[in-house]
Amino acid sequence: MIRDATPQDEAGWRGLWDQYLAFYDVTLAPEVTEATWARLMDPASPVKARLAFDGGEMVGFAIHLNHPSTWVLGNDCYLEDLFLSPAARGKGMGRALIEDLQALARAKGWHRLYWHTDEGNSVARRLYDRFTPYDGHVRYRMTL
């Protein structure tokens, strides 16, 4: 089952979020995680989370946001964070989360869905390549 995050999901999401940060060897200040959860719960925020469950256990998330685009007459959907617990990998849950987000974006009239991943994340890239080919873009990120 895949559904929107609710306030009751905070503990489960935080457990997965901690695993996600560990996977990328990233440490965030606690206030960043607090602000992220607050954004996910704020009805006015464009940042939202879809959660995947296996039985009753939360096993993954897709954090996304929609935004206006300069390339189409409408909005795009950016999949910022996609994560599955190690036990859930290889069971089609990653594909299900992306397909769920595709359906959500289509239902809301958004024009495109896009994301990026680490170049060396070959497991994720095998999944992503099944949806759309690598488009050759390189991301640059400047800390301000």
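Here are the numbers for the structure shown:
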read-out: Selected residue [modelled with pLDDT under 95, surrounded by 11 or more Cβ atoms within 10 Å (Cβ to Cβ) and either touching a Phe, Trp or Tyr at 6+ places or on another chain (Cβ under 7 Å) or more than 23 Å from S122 (Cβ to Cβ) (or both)] from V72, V59, V47; value: V72
read-out: Filter result for R3 (in a helix (DSSP H, G or I) and either at negative phi or basic (K, R) (or both)); value: no
read-out: Some residue of the stretch 12-28 being more than 30 Å from S122 (Cβ to Cβ), of a type outside the set (F, W, Y) and not in a loop (DSSP other than H, G, I, E, B); value: no
read-out: Any hit, the stretch 9-17, residues being of a type in the set (K, R) and out of contact with any Lys or Arg (no Cβ under 8 Å at 6 or more places or on another chain); value: yes
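So that you can scan it fast, the table gives a plain yes or no per residue for (1) part of a strand (DSSP E or B); (2) within 11 Å of the chain's Cα centre (by Cα); (3) not charged (D, E, K, R):
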{"position": "Y78", "(1), (2), (3)": "yes, yes, yes"}
{"position": "D81", "(1), (2), (3)": "yes, yes, no"}
{"position": "A87", "(1), (2), (3)": "no, no, yes"}
{"position": "K91", "(1), (2), (3)": "no, no, no"}
{"position": "A96", "(1), (2), (3)": "no, no, yes"}
{"position": "L101", "(1), (2), (3)": "no, yes, yes"}
{"position": "L104", "(1), (2), (3)": "no, no, yes"}
{"position": "W110", "(1), (2), (3)": "no, no, yes"}
{"position": "H116", "(1), (2), (3)": "no, yes, yes"}
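Residue-wise test of (1) of a type outside the set (K, R); (2) without any contact (Cβ under 8 Å) to a residue 60 or more places away in the chain; (3) out of contact with any Lys or Arg (no Cβ under 7 Å at 6 or more places or on another chain).
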| position | (1), (2), (3) |
| --- | --- |
| T70 | yes, yes, yes |
| D81 | yes, no, yes |
| A87 | yes, yes, yes |
| H111 | yes, yes, yes |
| H116 | yes, yes, no |
| N121 | yes, yes, yes |
| R130 | no, yes, yes |
| P133 | yes, yes, yes |
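The values are calculated or read from the model by the stated rules, or taken from the named source; none is laboratory data. Note that the coordinates shown come from a computational prediction; the quantities given were computed from them, not determined experimentally. No Cβ is skipped: glycine too gets one built from the backbone with ideal geometry, and neighbour counts run over all protein chains shown.
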